Amino acid sequence: MIEKSSHNANQTLFLESIIDSLPNPVFYKDAQGAYRECNKAFCDLILGLPKHEIIGKTVFEFPGRIPEYLAKTYAEKDNELLASGKAQIYAEKVHCADGIFRIFQFFKNVHRSTEGRTLGIAGIMLDITERVVAEEKLNRQKEELDLLLSSISSLIIGVSIKDRVTHWNKHAETTFGIPSTLVLNKTFCECPIKWHWNIIYEKIADALINASIVRIDDLRYQRPDGSEGILGLTINPLLRDGEILEGFLILGRDLTERRNLEHQLLQARKLEALGQLAAGIAHEINSPLQYIGDNLKFIARGLETLIALLKKNMEPQDTASSFNLSDEHGYLFEELPKAAAQSLLRAWSASRKL
């Protein structure tokens, strides 16, 4: 019996030595919440007390070292564990012996006797402060990046090498009328965008194979209101360290209004050119008309003079003789001035219309 007792004592000391050598705090509580065992790391790092000042006390008996609100949290977690009998893994804040609050991950389980009776709680603690701080920093950076991407007035779509959508900014939501919740982490080709997918994937392949930026000009797509729009896109391969392909980034803008304006300006320039051509033609026509008009004025005045002279020369020389104009002569004398006047009026009217 003495040898067996000595063997058990040596075995206990051996286990205590192993537990004390662990860098992580380890503790054991009875079913009433009093500490019954703990290792050196727990004594030094957590409470800063020797073991004999810890054993037999609960978390509520260290007011200067364990704040009351944390003591209540620890006790509630212990009660949940004893009630459920299932292992616990959770992260919680701890006020350490150096006065600094750190984040520890607790791994706790119920300790039972060979008969299955609950004896207490065994736990081990892992300091995850640096990991939590790093994750919080990463989350802040992600939030800042998302804010930056949201403020850019261009649509931005990020796609991983596995063809999963990783980024979908606010401008992309507005352009396509598709919220990010419907596309993030989905396969890119499953996105309900109504455009020419064959052109998109052809250009993506060119960008990834050649590791260079590829442009897509005037890509037709269906806008949220059902009308046809025009996009201008660039596909940028994402290379880590300049070599490892991580995916690609699509940047783009809706060019519909710009293209419509350019079309209107083009039409206006065509009309302006036609107007200049018409003005030139009118000038070319008007110049001969002015020339003709001037000649008609001259002819009209000449006819009046000539007819007056002919009438005078054809008068009888004495009263005894009689003179009568022939019908033909009378018709010419009467109609020629009228014809000249009418021609002159027509020429003047035509020049005015031009």
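Data table
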read-out: Flag if Val26 is free of Cβ contacts under 8 Å to residues at least 60 places away in the same chain, within 20 Å of Ile89 (Cβ to Cβ) and assigned by TED's automatic domain parsing to the domain that holds Leu126; value: no
read-out: Subset of the range 102-117 [over 16 Å from Glu37 (Cα atoms) and at pLDDT below 95]; value: Ser113, Thr114, Glu115, Gly116, Arg117
read-out: Residue within the range 83-96 that is touching a strand residue (DSSP E or B) at 6+ places or on another chain (Cβ under 8 Å), β-branched (Val, Ile, Thr), closer than 27 Å to Thr166 by Cβ and not in a loop (DSSP other than H, G, I, E, B) present; value: no
read-out: Residues of the range 205-260 classified as hydroxyl-bearing (Ser, Thr, Tyr), touching a strand residue (DSSP E or B) at 6+ places or on another chain (Cβ under 8 Å) and modelled with pLDDT of 90 or more, total; value: 3
read-out: Selection count, the range 121-137, where residues are among the acidic types (Asp, Glu) and in contact with a Lys or Arg (Cβ under 9 Å, 6 or more places away or on another chain); value: 1
read-out: Any hit, the range 162-183, residues being in a loop (DSSP other than H, G, I, E, B), without any contact (Cβ under 8 Å) to a residue 24 or more places away in the chain, touching a helix residue (DSSP H, G or I) at 6+ places or on another chain (Cβ under 6 Å) and not aliphatic (A, V, I, L, M); value: yes
read-out: The one condition in (1) farther than 22 Å from Ser153 by Cβ; (2) in a strand (DSSP E or B) that Ile204 fails to fulfil; value: (2)
read-out: Condition check for Asp217: assigned by TED's automatic domain parsing to the domain that holds Glu173 and either in contact with a Pro (Cβ under 8 Å, 6 or more places away or on another chain) or not in a strand (DSSP E or B) (or both); value: no
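The values are calculated or read from the model by the stated rules, or taken from the named source; none is laboratory data. What you see is a predicted model, and the numbers here were worked out from it, not measured in a lab. Here Cβ is always computed from backbone atoms with ideal geometry, including for glycine, and neighbour counts include all displayed protein chains.
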